[in-house]
Amino acid sequence: MKPELRRIETALHQLTPEDSSNTPRTSTAVATDSTENYAQQEGDPSFSIAVEPFPAHKNPGKSPSLPKLKSPSFSEHRHSANPALAMNLLKEIQGVVGGWQTELQTIVRQIQDIYIDGPIVDGWLESHARRAEQEAAGVRRAEVDRLMDYVLAEPLNQGNADVTYESPRTGYRLCGLNPDGQFWARPCPSDQVPSISLAIARYQKLRQLLNRKHELETRLSELAETLVVLHSHLGKN
């Protein structure tokens, strides 16, 4: 029996009224036993503790399924102040504007070189080979009685043959449009075809450069207007 139970039992015996003859013996016996047991425990303490293992749950309860919340994504440009952002944007704008200015200067030099290189012609060349064939076919279809008149009249026009008849067969003509949009054409001798072709090519190149120059100037002008408005807003603060 454990010492605690013995002590409780001894206390109960002391409170219970019994005969005077039995009470001292019982109390003495109980007290003696308690004293001996207590002495044994004091002299040689021993503890025996039995720990029961926790029962393992084979089927543990499932955790409740909670709704998943999507983590909010914050944009650095809108929701936080980035001191370096303004400087980075200004540096990028400066680089772009510098590239435009460099390209514009290069285009201006190329335009000057084109004007120095030689004449510029806004037009195109047309060949008269098809027209000469049509005229020859008309001669072949002439009547026999008029063919002799044509042959006899041919020597009289030898001086103007290069202009009236021979040139259209082997030559070209330069064509174009005036500012009003009206068509014009001029005869072009064969020996001038290479130089006229170069002049036409110069005009085509010049037109491309002028279009690019106008585009760059427009971009720079629009950017300057935007920066002026932005600068005025900064001055108000």
Q.
Quick check on the exposure proxy: order Lys68, Lys91, Lys213 from fewest to most C-beta atoms within 10 angstrom.
A. Lys68, Lys91, Lys213
Q: Using a 10 Å cut-off on Cβ atoms, rank the peptides 218-225, 229-236 from the highest mean neighbour count down.
A: 218-225, 229-236
Q) Given 0.36 nm per residue, what is the gain on full extension from Asn211 to Phe183 after removing their alpha carbon distance, in nm? A) 7.7 nm
Q. By how many nm would the segment from Glu4 to Asp191 lengthen if fully extended, with 0.36 nm per residue of separation less the alpha-carbon distance?
A. 53.5 nm
**Q.** Glu126 paired with Leu89, simple spin-label distance in nm, labels 7 Å along Cα-to-beta-carbon
**A.** 5.7 nm
Q) What is the set of long-range amide H partners of Tyr172 at a cut-off below 5 Å, with H atoms built 1.01 Å from backbone N? A) Cys188, Ser190
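Read-outs: derived from the displayed coordinates by stated rules, not from any lab. Please read all numbers here as calculations on a predicted model, not as lab measurements. Note that we place each Cβ from the backbone using ideal geometry, even for glycine, and neighbour counts take in every protein chain shown.
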